[in-house]
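The values are calculated or read from the model by the stated rules, or taken from the named source; none is laboratory data. As the structure is a prediction and not an experimental result, all values here were calculated from the model. Cβ atoms come from the backbone with ideal geometry, glycine included; neighbour counts cover every protein chain shown.
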Amino acid sequence: MAKIKLKNRKALVVYNKTDFDKNKHFAQALVDELNKKKLVGHILLLDDETADHKHIKNVELIINRSRRIDFLTKHNFLNSFLINPQNIVLVANDKYETYRWLKQHKFLTVDTTIFDPKKIKTFPIVIKKRDSHGGEDVHLIQNAEEIKQLPIQNPNEWIVQPFLSIGKVEYRAYILFGKVLKTIRRTASGDDFRANYSQNAAVDLFKLKWYMKHKIKRIAKKLGHGYYAIDFFLNKYNRIVVNEIEDAAGARALTKMCPDLNLPRVIIKSSLTHFKHHLKRQMIP
């Protein structure tokens, strides 16, 4: 079989403009690493009217950081190598779909229902938007009156979960093609219940025990290959309770804790290894 060559193959790093504005250096670093390997890498901003979409044609490698599954379904990417593939984008960017997927595969998770104020009988609860990220549109509710203050127009876009006291400490395992890259622990700040780095949570590195790592890798194996994060709590028995799956996982906390880790280089190196396997499979008659 002929050797796979990467030179001049087209690659895209895809963002929404809002997310790109927060992650310009990381996005450009991904493109720089692609170009160092002789690929032709470009950044595509989906909601920027001035963006040049000509690069979509004949693209072979797509690193989709947009969280947008409609971008993947709209275009014919049947022969392109996607990071992440459609199933991960769908499951990770809809918190109710995350819950359904975890229950289907019998992984421990937080009970989740679609918002219906008539069915809410106990408090406190957490109400969040199905597509929320970074602690935005996430509300701790103590009583029925507080529900009325929420900006809910379409109830189907929101979910309800019980408030868990263990939720003030959340763990994030960064997954890169089935391997656990690093794990961090995030502890909510002061009276805030949200353990998000973007909400000023304290962060430190966390070493998974062997059985925790085994469980995380089982989840990753079921979910599939790519680059994403699994957010979880630890209950009183030290069992993993999965909270969310992050498709376009933020890396600011990780790079802060690991300043010597060149994350874009690590991501691209691993991605290109699997991209080559993808190209080889396409060559098999």
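Observations on the model:
- Picking from residues in segment 172-192 that are among the small types (Gly, Ala, Ser) and surrounded by 19 or more Cβ atoms within 10 Å (Cβ to Cβ), the one that is farthest from Phe232 (Cα to Cα) is Ala188.
- Selected residue [over 17 Å from Leu234 (Cβ atoms), surrounded by fewer than 19 Cβ atoms within 10 Å (Cβ to Cβ) and out of contact with any Phe, Trp or Tyr (no Cβ under 8 Å at 6 or more places or on another chain)] from Asn143, Asn154: Asn154
- Enumeration of residues in segment 218-240 that are surrounded by fewer than 17 Cβ atoms within 10 Å (Cβ to Cβ) and either over 20 Å from Asn93 (Cβ atoms) or hydrophobic (A, V, I, L, M, F, W, C) (or both): Arg218, Lys221, Asn235, Lys236, Tyr237, Asn238, Arg239
- Taking segment 219-259 as the range and being under 22 Å from His278 (Cβ atoms), part of a loop (DSSP other than H, G, I, E, B) and among the charged types (D, E, K, R) as the test, only Asp247 passes.
- Any hit, segment 158-165, residues being farther than 15 Å from Asn243 by Cβ and touching a strand residue (DSSP E or B) at 6+ places or on another chain (Cβ under 8 Å): yes
- Only one of Asp19, Asp70 that is under 18 Å from the mean Cα position of the chain (by Cα), surrounded by fewer than 18 Cβ atoms within 10 Å (Cβ to Cβ) and either in contact (Cβ under 8 Å) with a residue 60 or more places away in the chain or more than 23 Å from Arg281 (Cα to Cα) (or both): Asp70
- Boolean, Lys276 is of a type in the set (D, E, K, R) and in contact with a Leu (Cβ under 9 Å, 6 or more places away or on another chain): yes
- Within segment 29-48, residues that are farther than 20 Å from Ala251 by Cβ have Cβ atoms under 7 Å from residues that are of a type in the set (Lys, Arg) and in a strand (DSSP E or B) in these pairs: Val40/Lys10, counting only partners at least 6 apart in sequence or on another chain.
- Residue pairs whose Cβ atoms lie under 9 Å apart, sitting 6 or more positions apart in sequence or on different chains, and linking a residue in segment 251-267 that is modelled with pLDDT of 95 or more to a partner that is of a type in the set (Ser, Thr, Tyr) and not in a loop (DSSP other than H, G, I, E, B), are Leu261/Thr255; Leu263/Tyr174; Leu263/Thr255; Ile267/Tyr227.
- The number of residues in segment 98-129 being of a type outside the set (A, V, I, L, M, F, W, C) and either under 27 Å from Leu12 (Cα atoms) or in a strand (DSSP E or B) (or both) comes to 5.
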